[in-house]
Amino acid sequence: MSGYRILNCGSSMENYYICINEKVAGFTQRTADVGDTIFFSVKYNKKNLCGAKGILSELTDYKPWEDSDRYVQCFKVKNMEFCTPFDISILKEYGGKSWGPLYLQRSKLIKDSGAILRLENEFGNNKLLAPTYLEEAYQNIETLDLNYIESQEFVCTDEDEDELYKEEPLEIMGTFQTVKFKNETDKISGLEPLVTEHFYQLFQHFSQEKTILIPENRLFPTASLKNNRNELIIGIKSIPDALLISFDKDSIDAPLKINLIEYECYGESKCKTVQKFNYLNETIIPQLIRFASTFSIVTDNSIREKTIKTWIDKIMDYIDIDETLTKKVYSWMKTLKPGIKERQIDRELDKMLRAGFEANIRIILIIDELTIEQKETIKNVINSFKLDNKATKIKNNYIEFSAYIVRLEQKIDIFNKEASFALSFQE
């Protein structure tokens with residue numbers, strides 16, 4: 001059931017504008033739901049101002065903020081509306097001195113119907129057609145008439161400020177111990193089989209309705225060139241562990257994104273720091289670079305074209321033998337082109353897959369351990385590989401990179417099923 005929440009961006013004007021301009025909402029905890037109405041606020045000139053609202057439409061893995069790692073749950077936002085910014089401390093009328101922790105912290109669900117009505121009325125009475133950029137509107141903040149703010153009945157004191165950012169204790173659901181995967185491929189406790197089986201429960205921002213997961217880890221070898229003596233001339237063959245095709249109707253040039261998934265696991269066999277360091281630098285990173293170079297303009301055009309054509313044929317064959325996937329693709333095509341004929345869909349799918357390979361590729365590393373510094377290093381390396389964008393309007397496009405650290409947790413004790421947090425430890 002949908003509800004009302006406030007997404008407070010703290011003092012970060014940049015994050016506030018990103019939410020509004022990119023129509024996305026990021027939460028530092030898993031708290032929101034599709035259909036929720038979100039009021040966006042930011043602290044400016046010692047006031048918590050709200051100037052926009054929208055409705056959460058669907059989960060997304062798009063995180064355009066510089067501090068993107070903070071946001072564990074992100075949504076696209078639809079029906080975005082704007083207003084002359086108003087001070088949301090008016091909610092003190094309903095929450096008293098605890099209005100901050102009650103309405104702002106962790107974007108809690110607002111349960112007071114009076115508070116909801118007050119927000120809606122304040123917003124509706126000050127609606128605008130476009131967002132107000134606070135720095136431009138109040139560049140002479142000391143001398144401008146701020147009656148629309150200062151005339152509010154509730155102005156925060158220093159004591160109120162302390163209450164506003166007072167943290168509530170976390171409620172712990174239970175305790176867990178982090179244990180090691182046996183290795184990457186073990187059928188019982190291997191990283192890849194377990195993640196594949198629970199992929200959509202684990203990565204909920206990948207909607208099952210808008211993605212196709214192909215977990216065949218030997219199906220997509222990259223191409224290479226050999227001479228008439230069968231000697232390798234150009235290219236080193238590499239094979240991703242899985243392929244994920246994701247659909248986004250809002251991406252006009254390339255609505256299909258090609259995600260190459262690589263599973264890596266230190267597991268029980270690589271426990272020492274030097275072992276992990278060597279494996280990362282001698283095996284994992286070179287493998288990811290080979291994927292990126294295959295589809296980048298840096299590689300031989302014939303290798304790239306051969307790989308793309310072969311992979312598209314295999315993707316389409318995989319879809320054709322599964323009626324559920326066929327219906328899913330048909331719905332995607334009809335969303336983009338409502339008048340498309342059924343006999344045209346295969347040709348259109350071929351065209352869109354090619355556009356994805358040319359302009360919308362991401363490499364995803366799923367691993368049991370990775371530091372922030374290692375992740376950033378790999379991201380910078382992969383982002384340096386440019387794509388061929390001649391068929392699209394996208395400029396300066398590059399291969400994207402994402403990394404997900406997946407750990408295996410064993411239950412110790414569950415004692416509060418209503419809570420959302422758990423404690424785990426790793427020796």
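The values are calculated or read from the model by the stated rules, or taken from the named source; none is laboratory data. If you're wondering where the values come from, they're calculated on a predicted model, not measured in any experiment. Reconstructed Cβ throughout: ideal geometry from the backbone, glycine too, with neighbour counts over all protein chains shown. All accessible areas refer to the heavy atoms of the entire protein, side chains included, with ligands and DNA or RNA removed. Shrake-Rupley method; radii C 1.70, N 1.55, O 1.52, S 1.80 Å.
Using a 1.4 Å probe and counting only protein heavy atoms, arrange Glu120, Glu282 so the residue with the most accessible area comes first. If you can, show how the numbers build up before the last one.
Numbers: Glu120 50, Glu282 130 Å².
In descending accessible area the options line up as Glu282, Glu120.
Span-like helix criteria (full DSSP H runs; alpha carbon extent of at least 15 Å along the helix axis; mean Kyte-Doolittle hydropathy of at least -1.0) are satisfied in the chain by 113-124, 285-295, 301-320, 323-336, 345-359, 372-383.
Using DSSP to call loops (not H, G, I, E or B), can you name the GluC sites (Glu not before Pro) in the range 58-88 whose Cβ has at most 12 other Cβ atoms within 10 angstrom? Don't jump to the answer; show the numbers that get you there.
Details: sites: Glu58, Glu66, Glu81; in loops: Glu66.
Here the sparse-neighbourhood loop sites are Glu66.
For the peptides 190-198, 273-281, 290-298, residues were scored by their other Cβ atoms within 10 Å and the scores averaged per peptide; the highest-first order is 290-298, 190-198, 273-281.
A straight line joining the Cα centroids of the range 110-129 and the range 194-227 runs 44 Å. Compute the FRET efficiency between Glu268 and Tyr200 as 1/(1 + (r/R0)^6), taking r as their Cβ-Cβ distance and R0 = 35 Å, and round to the nearest 0.05. The calculated FRET efficiency here is 0.80. With springs only between Cα atoms under 10 Å, which of Ile261, Ile363, Ile284 fluctuates most in a Gaussian network model of the chain? Fluctuation is largest for Ile284. Projecting the Cα atoms of Tyr103, Leu408, Gly356 onto the charge dipole of the chain (Cβ charges, centred on the Cα centre) puts Gly356 farthest toward the positive pole.
Largest mean-square fluctuation among Tyr133, Tyr17, Tyr398, in a Gaussian network model of the chain whose springs join Cα atoms under 10 Å apart, belongs to Tyr133. Positive end of the dipole of the chain (Cβ unit charges, origin at the Cα centre): among Gly54, Thr222, Ile366, the Cα lying farthest that way belongs to Thr222.
Which FRET efficiency value, to the nearest 0.05, is calculated for Lys411 and Asn278 with the Förster distance at 30 angstrom and r the Cβ-Cβ distance?
Values: r = 34 Å, r/R0 = 1.12.
Efficiency at R0 = 30 Å is approximately 0.35.
Accessible surface of Thr132, taken over heavy atoms with a 1.4 Å probe and every protein chain present, rounds to 40 Å². Modelled spin labels at Asn79 and Asp300, positioned 7 Å past Cα toward Cβ, are 5.6 nm from each other.
Computed from backbone phi, the HN-Hα couplings of the range 256-270 come to 9, 9, 9, 10, 8, 9, 10, 8, 9, 8, 6, x, 7, 8, 10 Hz, rounded to whole numbers (Karplus: 6.51 cos²θ - 1.76 cosθ + 1.60, θ = phi - 60°; Gly and Pro given as x). Eigen-decomposition of the gyration tensor built on the alpha-carbon atoms of the range 277-389 gives equivalent ellipsoid semi-axes of 33, 17, 13 angstrom, largest listed first. A helix-only calculation puts the chain at -9000 deg cm²/dmol for mean residue ellipticity at 222 nm, using -39500 (n - 2.57) for each DSSP H run of at least four residues, averaged over all residues. Pairs of lysine residues in the range 44-99 that meet both criteria, 8 or more places apart or on different chains and Cα atoms under 28 Å apart, total 15.
So with the 1.4 Å probe, I'd like the accessible area per residue for the range 240-395, rounded to whole Å².
Details: 7560 Å² over 156 residues.
Per residue, the range 240-395 has 48 Å² of solvent-accessible surface.
Relative to the Cα centre, the charge distribution of the chain, modelled as +1 at Lys and Arg Cβ and -1 at Asp and Glu Cβ, gives a dipole magnitude of about 1860 debye. For the range 281-410, with all protein chains present and a 1.4 Å probe, just round the carbon and sulfur fraction of the accessible area to a whole percent. The nonpolar share, carbon plus sulfur, comes to 49 percent. For P(r) over Cα pairs in 20 Å bins from 0, in percent, the listed values are (1) 25, 57, 17, 1; (2) 19, 35, 25, 18, 3, 0; (3) 21, 48, 28, 3, 0; which was obtained by calculation from the structure presented? Here the calculated entry is (3). Bridging of Lys327 to lysines at a Cα separation below 21 Å is possible for Lys210, Lys249, Lys257, Lys314, Lys337, Lys341, Lys351, once same-chain residues fewer than 8 apart are set aside. With the cut-off at under 20 Å, measuring from each backbone N in the range 405-427 to a point 7 Å along the Cα-to-Cβ line of Asp33 picks out 417-421.
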